[in-house]
Amino acid sequence: MSAVKPMRKIFSARFLSVGLGVFIAVSLLTGAAPQKAQAAETLKIGVVLFLSGAAAGPFGIPARNGVETLIAAINGGKIPAPYNTKGMAGAQIEAVYIDESGGATKQVTEFRNLVQRQKVDVVVGYISSGNCIAVAPVADELKMLTVIPICGTPRLFEDASYKYVFRTISDSITDSVGAAHYIKEKFPNARTIAGINPNYAWGQDSWRDFHLAFKLMNPDSEIVTEQFPKLFAGTFTSEISVLLRKKPDVIHSSLWGADLESFVNQAAARGLNKRSKIILTIGEANMFRLGAKMPDGIIISARGPYGVLARQTPLNDWFRAAYQDLFTAPPVYPSYMTAQAMLGLKIAYDKASQARGGGMPSTEEVVKAFEYLKYEAFGITIDMAYGNGHQAFTGTAYGQFKFDKSTGTATFTDIMWFDPECVNAPKGMKGAAWIKGGMKGAKCG
Amino acid sequence: MLTLIAILLDGLIFASWIFIVAVGLTLIFGVMRILNIAHGSLYAFGAYVAAWLVGQYLSAGYAPMGSFAVLLLSAIIVGVPMGFIMERGLLRFMYGRDEVIMVLVTYAVFLILEDAIMLIWGTDAYFAFEPYSLLGNTEIEALVFSNYDLAMIALALVVGALLWWGLNHTRVGKYLQVVIHDRELAQALGINVTRVFTITFMVGAVLGALGGAFTAPQISVTPGMGVEVIVLAFAVVVIGGMGSFPGAVVGAVLVGIIRAAAVHLLPQLELFIIYAVMALVLVFRPQGLFGQAEARKI
Amino acid sequence: MRGMLSKTEIGLFVALAVLLLAKLILPEWAVTLGTVALARGLVVLGLLILWRTGLISFGQALFFGTGGYTVGLLRVYGGLTDIFVLTLLAFLFAGLLAYLLGLLISRYREIFFAMLCLAFSMMLYGVLVKTEVLGSTDGFNVVGLTLFGFPIEGNTLQTVNYFWMCLLACAMSILVHRYLSSTMGHLSPAIRDNEIRVEYLGVSVQRTINVKFVIAGALAGGGGAITAIAVGHVDPDAMVYWLISGEFVFVTIFAGTGSVAAPFLGSVIFELLRTYAFEYMPLLWQLTMGTVLLIVIVFLPNGLWSLVQRGPRKG
Amino acid sequence: MALLHADNLSKSFGSVIAADRIEVSIEEHEVIGVIGANGAGKTTFVNMVTGYLKPSSGRIFYQGRDITPLSPRDITRLGICRSFQVPQVFTSLSAFDNLMIALGVAQKGMFHLLRPLRRKELIDAADAILARYDIAEYRDQPAGLLPQGVRKLLDIAMAMVHDPNLVLLDEPTSGVSVHEKYGIMDVVMAALKELGITVLFVEHDMDIVERYAKRVLAFYEGAIISDGDPDTVLKDDQVRRFVIGEEPQATRPQTAGATHA
């Protein structure tokens, strides 16, 4: 301990206790001091995405890049017409980034901090279902416009309704029903199915909805095993052995993080993809990272028609180029999702501003403009038709992975698009109940 | 029958992996009475360095088989300096403090290293998948096993044998055993306990990194990968008996087989079962299967 | 001596007054943060009792989570809405669970005690994650609460909950302080020192530890309840996972065990540090927390409280 | 009726026999010295009577009641107290606090453990005890730093707060310098005599045994080989040979190290 003794003097009790008092006082007062009046030209957006941990690489970072691409373009007025006005309602955007890690309790307090201490005008974010469910009521309580770009749990708008919360994407029912349709169409002889899904609400819901929908379409089908490895598990040795042993026709998986990449590597090395058809309901973000390491023929979606599955439109072309310019990699679906949320926000602000004859609209005015908004995003039409106009109603797409060796790029074959009316419950009906009730009212093209 | 073979092999593969990590943990605990949470960080560092080095090595066009040597090398270049710095630079100023304080010191180091990983390697995943499929597969009826996984069993056996030999047939090993048995006696015998501590910590660190390095070719190496392994390795060590070498062997095999059996037969119990086994063992044998109960002299 | 207030108790009442008055100048975000910090301080207060006995629990989130889920489940499935009733029931249930587990756990010491607590907390975690009616990993929201039959929400709820937490913090500190001054409280260092002597004084060490375990568990349950009310949500990752238990141990050592006020002070500073680290260093907040912890352990072996404490330690 | 009766008490650790069919009765107000070489079974006997060890066979009766299955704390509560070869004190606490805790737990009443410890009556009682055992000057020193003799006295003083009927002192003067021994024994014996307590003490020093004991038990290899007044026992041939070691060493090998609990 002798080496540290001189240091002790510096850290003398008095010195530190004064420091302690100053720290508490300053930290409380910086928040307590009245914030300088918000300049009319800036709009402060709090962005909450996974910046650390296992979800950051495949999800959080591309999602943040999507936000950044749009902020740069909106501030510079660079999005193609009709969105080529500068700023949102004329205001330049300033973003504050917060890590989504630490659990829902932490995130709720951080949400309050964003609103009450940092005085943001809008919050965009939340990937994890647990976090978005926890934050939504607080957003309503604090009257804070909150746009959720990614989180997929159906419970968000099925179990409650919110005034200030918007989700610019369909819930996970869409993925599961779309997956069942794709198998039915492309592999009509598939009878035995197995699941390997992460052991948390997302994985459990995804698997349940998929196998219920599949059973409905193929009444003589059979589930051979349901594996639920721990979220972000690294090795799947035993799970793959079970899947090899049971030889299912189809293996369904809603893995999405680094664990998906580990699973694909181990499954491919042991030839699992040659025995069974593997369907990854949200494998697109990992696809580019894996490249040639992803075996051909695996069925993949992007939680909707995003990324390579997105239809080619001028707006989509622009987005791909703008993103690629900034980040040298192609945008993946989390990038698309945050980008379309930002775009929706801009449209709502501009519309609200117009409605009041120019100037910065109030939050309530933006909310009104956002409700039931229908807009053309990057290769997809977003129709805020669900949840009293707060939740998007979109279709999905599935395709089979093919690595193009000549160009070194990941592509798809046999792409199928599914209309929103085909893969979603009718308005006002809970997704799970709809599937259990025989998916009545579905309109598939 | 096939199920049985699958459970056995899967269990042994899992056991081999967790044994390599846990034996380092139990060694450090046995000798130094430190429950090293930063062991998980060493595991992660081993994986990162291995993934990065293997990538470099292969893109330079050297013989693919040499990548196994690169994995081994990664463990050493992570474990030796990091173990040395952690023990010499930090832990030795803390000796004599309460065991729980020592746990917290390593917890603080763990927090620091978690972010250090992101500073060094960023948040993107690293892949070093090539070595995993280099050795081909073995087919047993419907089952296909990667020979790399089977080689992990061999690696664990080699590590175990080397450690056993090192503990029983080298001077340092015998010193270690004396220190594990009775620290005061060791000092009375004139054993340089300080040096024994440093060596132990470095060996433990290399083992942690080795576990990570050889896991790297199987997985996508990302931040946060060290968290889970700590609790799992703790569970193995507690089941086997803290500080006991045979305990680590038996604990690892027990956990491996039981977990594999759960995955094959009752997948819904997977998350639950290891802790249930741990609680059961603690209830009936608090000191672990091979731990020694210490009675207080009056 | 009876009926009179000790110096510590007078100090606690002054602190209560300051905390209540602080509501007038505190920004809104700080009220919720303060409530959560004090609630976690309540958990740490329980760990302080155990730590003085030489025991540490790596699974205290088990009781924290039990408290939170008691509130959540009674609200959603039991239809109970009164925040006082819910909180008190959380104390009760967590204490009851601690009593049952304590029958077993109190036989263990040192790292075995810590690990057994961890094992039980991880088993609860495993059950919650797998159980859909308990919300799985998403947990569920705790909304629609009342106070004496009147619905409260938003700012009112936060304010009421903050006052309630301040009262609880003060009341529990005084009770724990009195407990620590009692014969049984003094048995803490005695058990830590020499259990054989304690047994030969005619006292059951195991039963004494179980009482302490129950107190610690009940306090953790109360903390969990207040947190659930303040946050409006419960889920296993935020309430039961082992990293949460790790944070409680972190704060226990960080704060020091010199006084029943230390856990609350330590907890408030911990939360402030973390929220600012989150804001200014979103990629380095773990590094910041780790460094601060190391500095405290190295330079302040008795925790932050040693800065507040002037002069020799009082018993 | 005897105060304490040991009926055919045996204890073995594996193949080592630490107590071999011990049969002894202790009457009230007796002062008994126990002698024997290391490993002869003295401490094992004390440990069995106070519940720390369970005998392999045989029973122990206290005031006619079978106390064999009871725990140390129950036996303590019945009025059998003991001191230890290595003093069992709370090393981090002061001598005064050691006594305070002992006094605190010895109080009667339903919730006495929850009453404040630092009450005037207890403080006075603790100070009185410190004075009676002549260690008041060490009042506020941590027990871990006390001289061995003081720690021994504190250990015995703590055993006495329960007002026991029977006290077993395990080597009250071991580890203490020769000239301190009589001082300690005088203080202790005076205090015990004042209360009329039955005493059994284990001792290696024959002079001390002769001076304080009214009856002597000699242990050899787990068995009592002689029992009677000091004169008789200490002059006994076998005792002289196997216990005191005056004759050439015993022909049979000693069984050592078995009695450590």
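The values are calculated or read from the model by the stated rules, or taken from the named source; none is laboratory data. In this text, all values refer to a predicted model and were calculated from it rather than measured experimentally. Quick reminder, even Gly has a Cβ in these numbers, built from the backbone with ideal geometry, and neighbours come from all protein chains shown.
When you look at A:V177, is it crowded, with 24+ Cβ neighbours inside 10 Å, under 22 Å from C:S136 (Cβ atoms) and not assigned by TED's automatic domain parsing to the domain that holds A:R275, yes or no?
On the way: crowded, with 24+ Cβ neighbours inside 10 Å: yes; under 22 Å from C:S136 (Cβ atoms): yes; not assigned by TED's automatic domain parsing to the domain that holds A:R275: no.
So A:V177 does not fit the description; no.
With respect to the numbered conditions (1) within 14 Å of chain A (Cβ to nearest Cβ); (2) touching a helix residue (DSSP H, G or I) at 6+ places or on another chain (Cβ under 6 Å), which one is the sole condition not fulfilled by B:G204?
Among (1) within 14 Å of chain A (Cβ to nearest Cβ); (2) touching a helix residue (DSSP H, G or I) at 6+ places or on another chain (Cβ under 6 Å), the lone unmet condition for B:G204 is (1).
B:I191 - would you say it is closer than 15 Å to B:M32 by Cβ and of a type in the set (A, V, I, L, M, F, W, C)?
Details: closer than 15 Å to B:M32 by Cβ: yes; of a type in the set (A, V, I, L, M, F, W, C): yes.
For B:I191, the condition - closer than 15 Å to B:M32 by Cβ and of a type in the set (A, V, I, L, M, F, W, C) - is met.
Can you tell me which residue among D:T232, D:T198, D:T173 is β-branched (V, I, T) and touching a strand residue (DSSP E or B) at 6+ places or on another chain (Cβ under 7 Å)? Before the answer, list the steps.
Working: D:T232 fails: touching a strand residue (DSSP E or B) at 6+ places or on another chain (Cβ under 7 Å); D:T173 fails: touching a strand residue (DSSP E or B) at 6+ places or on another chain (Cβ under 7 Å).
Just one listed residue meets the conditions, D:T198.
Just need a number here: residues in region B:266-281 that are under 20 Å from A:L243 (Cβ atoms) and more than 8 Å from chain C (Cβ to nearest Cβ). Don't jump to the end; show me each part of the working.
The first filter runs over region B:266-281 and keeps only residues under 20 Å from A:L243 (Cβ atoms), leaving B:266-271, B:273.
Filter once more, keeping what is more than 8 Å from chain C (Cβ to nearest Cβ): B:266-267, B:269-270, B:273.
Qualifying residue count, region B:266-281: 5.
Consider D:Y138 carefully, then state whether it is more than 16 Å from the chain's Cα centre (by Cα) and either at positive phi or hydroxyl-bearing (S, T, Y) (or both). Steps first, please.
Values: more than 16 Å from the chain's Cα centre (by Cα): yes; either at positive phi or hydroxyl-bearing (S, T, Y) (or both): yes.
Answer is yes for this residue.
Could you pull out the residue among C:F120, C:F112 that is at pLDDT below 90, within 14 Å of chain B (Cβ to nearest Cβ) and either surrounded by fewer than 24 Cβ atoms within 10 Å (Cβ to Cβ) or in a loop (DSSP other than H, G, I, E, B) (or both)? Spell out the reasoning first.
On the way: C:F120 fails: at pLDDT below 90.
So the residue among C:F120, C:F112 that is at pLDDT below 90, within 14 Å of chain B (Cβ to nearest Cβ) and either surrounded by fewer than 24 Cβ atoms within 10 Å (Cβ to Cβ) or in a loop (DSSP other than H, G, I, E, B) (or both) is C:F112.
If we keep just the residues of region A:229-262 that are aromatic (F, W, Y) and touching a helix residue (DSSP H, G or I) at 6+ places or on another chain (Cβ under 6 Å), which is farthest from the other protein chains (Cβ to nearest Cβ)? Break it down stepwise before answering.
Within region A:229-262, the subset aromatic (F, W, Y) is A:232, A:236, A:256.
Adding the requirement that they be touching a helix residue (DSSP H, G or I) at 6+ places or on another chain (Cβ under 6 Å) leaves A:232, A:236.
On the way: A:F232: 7, A:F236: 9 Å.
Per the stated criteria, the residue is A:F236.
A:E110 versus (1) facing chain C (nearest Cβ under 10 Å); (2) surrounded by fewer than 23 Cβ atoms within 10 Å (Cβ to Cβ): which is the lone unmet condition?
(2)
Does any residue of region C:246-253 turn out to be outside any helix (DSSP H, G or I), under 25 Å from C:Y108 (Cα atoms) and within 14 Å of chain B (Cβ to nearest Cβ)?
Looking through region C:246-253, none of the residues is outside any helix (DSSP H, G or I), under 25 Å from C:Y108 (Cα atoms) and within 14 Å of chain B (Cβ to nearest Cβ).
Out of all the residues in region C:271-291, which are crowded, with 20+ Cβ neighbours inside 10 Å and of a type in the set (V, I, T)?
The one that is crowded, with 20+ Cβ neighbours inside 10 Å and of a type in the set (V, I, T): C:T275.
Kindly state which strands (runs of 3 or more DSSP E) lie completely within region A:194-285 and contain at least 2 residues that are within 30 Å of A:A310 (Cβ to Cβ) and at pLDDT 90 or above. Walk me through how you get there before you give the answer.
On the way: elements: A:222-227, A:250-253, A:277-280.
Per the criteria, A:250-253, A:277-280.
Which one of the conditions (1) at pLDDT 90 or above; (2) in contact with a helix residue (DSSP H, G or I) (Cβ under 6 Å, 6 or more places away or on another chain) does B:V178 fail to meet, given that it meets all the rest?
For B:V178, the exception is condition (1).
Being in contact with a strand residue (DSSP E or B) (Cβ under 8 Å, 6 or more places away or on another chain) and part of a helix (DSSP H, G or I) is the filter here, so list the residues in region A:345-391 that pass it.
A:L345, A:K346, A:I347, A:Y349, A:D350, A:T363, A:V366, A:V367, A:F370, A:G387
So which of B:A209, B:A235, B:A248 is within 14 Å of chain A (Cβ to nearest Cβ) and either of a type in the set (S, T, N, Q) or in a helix (DSSP H, G or I) (or both)?
Working: B:A209 fails: within 14 Å of chain A (Cβ to nearest Cβ); B:A248 fails: within 14 Å of chain A (Cβ to nearest Cβ).
After ruling out the rest, the residue left standing is B:A235.
Might you let me know whether region C:31-46 holds any residue that is of a type in the set (G, A, S) and in contact with a strand residue (DSSP E or B) (Cβ under 9 Å, 6 or more places away or on another chain)?
If we filter region C:31-46 for residues that are of a type in the set (G, A, S), which is where we start, we get C:34, C:37, C:39, C:41, C:46.
Right, trim to in contact with a strand residue (DSSP E or B) (Cβ under 9 Å, 6 or more places away or on another chain) and you get none.
There is no residue in region C:31-46 that is of a type in the set (G, A, S) and in contact with a strand residue (DSSP E or B) (Cβ under 9 Å, 6 or more places away or on another chain).
Search region A:131-164 for residues being in contact with a Pro (Cβ under 9 Å, 6 or more places away or on another chain) and not hydroxyl-bearing (S, T, Y), and hand back the single one that is farthest from the other protein chains (Cβ to nearest Cβ). Step through it out loud before you land on a result.
Looking only at region A:131-164, we keep the residues that are in contact with a Pro (Cβ under 9 Å, 6 or more places away or on another chain), and these are A:149-150, A:160, A:162.
From what is left, the residues that are not hydroxyl-bearing (S, T, Y) are A:149-150, A:160.
Numbers: A:P149: 18, A:I150: 15, A:A160: 8 Å.
This residue is A:P149.
Any residue at all in region A:286-297 that's over 21 Å from A:K405 (Cβ atoms), away from chain B (no Cβ under 12 Å) and of a type in the set (A, V, I, L, M)?
We begin by selecting, within region A:286-297, every residue over 21 Å from A:K405 (Cβ atoms); these are none.
No, region A:286-297 contains no residue that is over 21 Å from A:K405 (Cβ atoms), away from chain B (no Cβ under 12 Å) and of a type in the set (A, V, I, L, M).
May I ask you to verify whether D:G109 is farther than 28 Å from C:S181 by Cα and at pLDDT below 90? Spell out how you get there, then give the answer.
Numbers: farther than 28 Å from C:S181 by Cα: no; at pLDDT below 90: yes.
No, not satisfied.
Which helices (runs of 4 or more DSSP H) does region B:39-156 wholly contain that include 2 or more residues that are exposed (fewer than 15 other Cβ atoms within 10 Å of the Cβ) and not acidic (D, E)?
Numbers: elements: B:39-59, B:67-89, B:99-121, B:130-134.
Once the helices (runs of 4 or more DSSP H) in region B:39-156 are filtered for at least 2 residues that are exposed (fewer than 15 other Cβ atoms within 10 Å of the Cβ) and not acidic (D, E), what remains is B:39-59, B:67-89, B:99-121.
Residues to consider are B:G288, B:G251; find the one that is buried (at least 23 other Cβ atoms within 10 Å of the Cβ) and at pLDDT 90 or above.
Every option except B:G251 fails the conditions.
From A:I98, A:I133, A:I148, which residue is surrounded by 22 or more Cβ atoms within 10 Å (Cβ to Cβ), outside the structural domain of A:T281 (by TED's automatic domain parsing), under 13 Å from the mean Cα position of the chain (by Cα) and closer than 26 Å to A:L70 by Cβ?
On the way: A:I98 fails: under 13 Å from the mean Cα position of the chain (by Cα); A:I133 fails: under 13 Å from the mean Cα position of the chain (by Cα).
The conditions single out A:I148.
What about D:T50, is it of a type in the set (V, I, T), under 24 Å from C:L201 (Cα atoms), away from chain C (no Cβ under 14 Å) and in contact (Cβ under 8 Å) with a residue 24 or more places away in the chain? Steps first, answer last, please.
Details: of a type in the set (V, I, T): yes; under 24 Å from C:L201 (Cα atoms): yes; away from chain C (no Cβ under 14 Å): no; in contact (Cβ under 8 Å) with a residue 24 or more places away in the chain: yes.
Answer is no for this residue.
I'm trying to understand the selection: among the residues of region D:75-110, which are more than 7 Å from chain C (Cβ to nearest Cβ), part of a loop (DSSP other than H, G, I, E, B) and under 19 Å from the mean Cα position of the chain (by Cα)?
Hits for region D:75-110 are D:G79, D:S83, D:F84, D:Q85, D:V86, D:P87.
State all residues of region B:212-227 that are surrounded by fewer than 24 Cβ atoms within 10 Å (Cβ to Cβ) and under 29 Å from B:Y95 (Cβ atoms); if no residue qualifies, say none.
B:V227
Return the residue satisfying two criteria in turn: it lies in region B:183-211 and is of a type outside the set (A, V, I, L, M) and free of Cβ contacts under 8 Å to residues at least 40 places away in the same chain, and of such residues it is surrounded by the most Cβ atoms within 10 Å (Cβ to Cβ).
Initially, region B:183-211 is screened for residues of a type outside the set (A, V, I, L, M), giving B:183-184, B:187, B:190, B:192, B:194-195, B:197-198, B:200-201, B:204, B:208, B:211.
After this cut, where a residue has to be free of Cβ contacts under 8 Å to residues at least 40 places away in the same chain as well, the list is B:183-184, B:187, B:190, B:192, B:195.
Values: B:R183: 16, B:E184: 9, B:Q187: 13, B:G190: 7, B:N192: 12, B:R195: 11.
This residue is B:R183.
Any chance you could count how many residues in region B:104-129 are within 8 Å of chain C (Cβ to nearest Cβ) and closer than 29 Å to C:R192 by Cβ?
Of the residues in region B:104-129, 7 are within 8 Å of chain C (Cβ to nearest Cβ) and closer than 29 Å to C:R192 by Cβ.
Give me the pairs: first residue in region C:11-33 and at the interface with chain A (Cβ under 7 Å from one of its Cβ atoms) and touching a residue at least 24 places away in the same chain (Cβ under 8 Å), second residue in a helix (DSSP H, G or I) and acidic (D, E), beta-carbon distance under 7 Å, and six or more apart or on different chains, which are they?
Qualifying pairs under 7 Å: C:L33/C:E271.
Pick from C:P282, C:P312: which is at pLDDT below 90 and within 11 Å of another protein chain (Cβ to nearest Cβ)? Quick ask: steps written out before the conclusion?
Numbers: C:P312 fails: within 11 Å of another protein chain (Cβ to nearest Cβ).
One residue alone meets the criteria, C:P282.
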